[in-house]
Amino acid sequence: MTSTSYSVAVLGLGAMGLPMATRLSSQLTVNGFDIAQPRLDLAAAAGIAPHDSAASAVAGVDAVLLAVRNGEQLHDVLFGANGIADKLDEGAVVILTSTVGTDGIAEVVARLEQHSVELVDAPLSGGPVRAGQGDLLIVVGATPAAREKAQPVLELLASTLTVVGDRPGDGQALKTVNQLLCGVHIAAAAEALALAERLGLDPEKTLETLGAGAAGSFMLANRGPRILEAYDEDGAEVLSRLDIFVKDMGIVGKASRSVGLPTPVAAAAEQLYLLGQAQGLGASDDSAVILALAPKATD
């Protein structure tokens, strides 16, 4: 489909929403809405049509991409006082890119069906830079018809697109498993680098050496340099907030309990993120989790 025949509204122009909207605007017609005017200004500068309300942004579009924080925001955007569900054209699809867990997805599907709208459960992984490059991992749970309707959006954003199943919620389930590993890997990397520092090892050389051997991983390579930057005066650039992993590891714990599966390593990692949040690091990059283990030295 060309830009003149397919339109998408992106609701939520934050760290992930804006680069996704910018990427989509390279080939599709994109409307954008965010409650923060500075984000709308940035969207307009990137060639995205800014709107002063979600209702205005979704009028007549083929798809709506939601970049919300949690399940509560999802329900509010769709069904709240200013919800968009009854503003969408019949046959439109709602593409949920956020990690919200499987709870409540069936209810969302049922309520959207009352408006002849389908949900495409498509949580993603990759970060803002890769979002802008169309280099995301996206896992999808949706009916074949809904996937086809959402395909122009998904293909532009994903370098790896995996269809998990035909049910919305399947994507959330796989993303929950993904976040278990990511959360544990970041916590383990922080713990290892904190130990290296306490043992008097050179941090940069340690990181380089670990990355070249069996202990290497994507998360160590990606977060390792930022973990070391956590001790700088301004800390690491915020690319993924620590409190996102508080949310996500909470989803992991709830999911594992629901099926009676013990996940003690994930639970330990969750406690580390919670400790960081309690220490005021929630809005910091998730690499700052090392400060929960080994705080900065004070004069």
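The values are calculated or read from the model by the stated rules, or taken from the named source; none is laboratory data. Computed from a predicted model, the values in this text were never measured in an experiment. All Cβ positions, even for glycine, are placed from backbone atoms using ideal geometry, and neighbour counts span all protein chains on display. Heavy atoms of the whole protein, side chains included, go into the accessibility calculation; ligands, DNA and RNA do not. Shrake-Rupley method; radii C 1.70, N 1.55, O 1.52, S 1.80 Å.
Worth a mention:
- Test: ALA221 is surrounded by fewer than 17 Cβ atoms within 10 Å (Cβ to Cβ) and closer than 25 Å to PRO128 by Cβ: yes
- Residues that are surrounded by 14 or more Cβ atoms within 10 Å (Cβ to Cβ), within 23 Å of the chain's Cα centre (by Cα) and in a loop (DSSP other than H, G, I, E, B) are absent from segment 175-192 altogether.
- Single unsatisfied condition, PRO144 versus (1) under 27 Å from ALA255 (Cβ atoms); (2) open to solvent by less than 70 Å² (accessible area, probe 1.4 Å): (2)
- Listed by position, the strands (runs of 3 or more DSSP E) contained in segment 1-85 that have at least 1 residues being closer than 20 Å to LYS247 by Cβ are 7-11, 63-66.
- Enumeration of residues in segment 232-290 that are touching a residue at least 40 places away in the same chain (Cβ under 8 Å) and acidic (Asp, Glu): GLU237, ASP243, ASP248, GLU270, ASP285, ASP286
- Residue that is in contact with a strand residue (DSSP E or B) (Cβ under 9 Å, 6 or more places away or on another chain) and either surrounded by fewer than 19 Cβ atoms within 10 Å (Cβ to Cβ) or modelled with pLDDT of 95 or more (or both), where the choices are ALA59, ALA36: ALA59
- Remark: VAL30 matches the filter, which requires a residue to be touching a Leu at 6+ places or on another chain (Cβ under 6 Å), of a type outside the set (D, E, K, R) and modelled with pLDDT of 95 or more.
- Qualifying residue in segment 78-93 (condition: under 18 Å from the mean Cα position of the chain (by Cα) and either open to solvent by 10 Å² or more (accessible area, probe 1.4 Å) or in contact (Cβ under 8 Å) with a residue 12 or more places away in the chain (or both)): no
- Scanning segment 100-127 for residues that are within 18 Å of ASN178 (Cα to Cα), outside any strand (DSSP E or B) and open to solvent by 10 Å² or more (accessible area, probe 1.4 Å) turns up VAL100, THR102, ASP103, GLY126, GLY127.
- A count restricted to segment 252-263 and to residues that are in a helix (DSSP H, G or I), of a type in the set (A, V, I, L, M) and either open to solvent by 30 Å² or more (accessible area, probe 1.4 Å) or over 21 Å from ASP286 (Cα atoms) (or both) stands at 1.
- The listed residues are ALA236, ALA214, and the only one of them that is aliphatic (A, V, I, L, M), open to solvent by 80 Å² or more (accessible area, probe 1.4 Å) and over 26 Å from GLN73 (Cα atoms) turns out to be ALA214.
- Top-ranked residue of segment 267-285 - restricted to ones that are touching a Leu at 6+ places or on another chain (Cβ under 8 Å) and either open to solvent by less than 10 Å² (accessible area, probe 1.4 Å) or not in a helix (DSSP H, G or I) (or both), ranked as nearest to VAL177 (Cα to Cα): TYR273
- ALA230 being surrounded by fewer than 19 Cβ atoms within 10 Å (Cβ to Cβ) and farther than 20 Å from VAL100 by Cα: no
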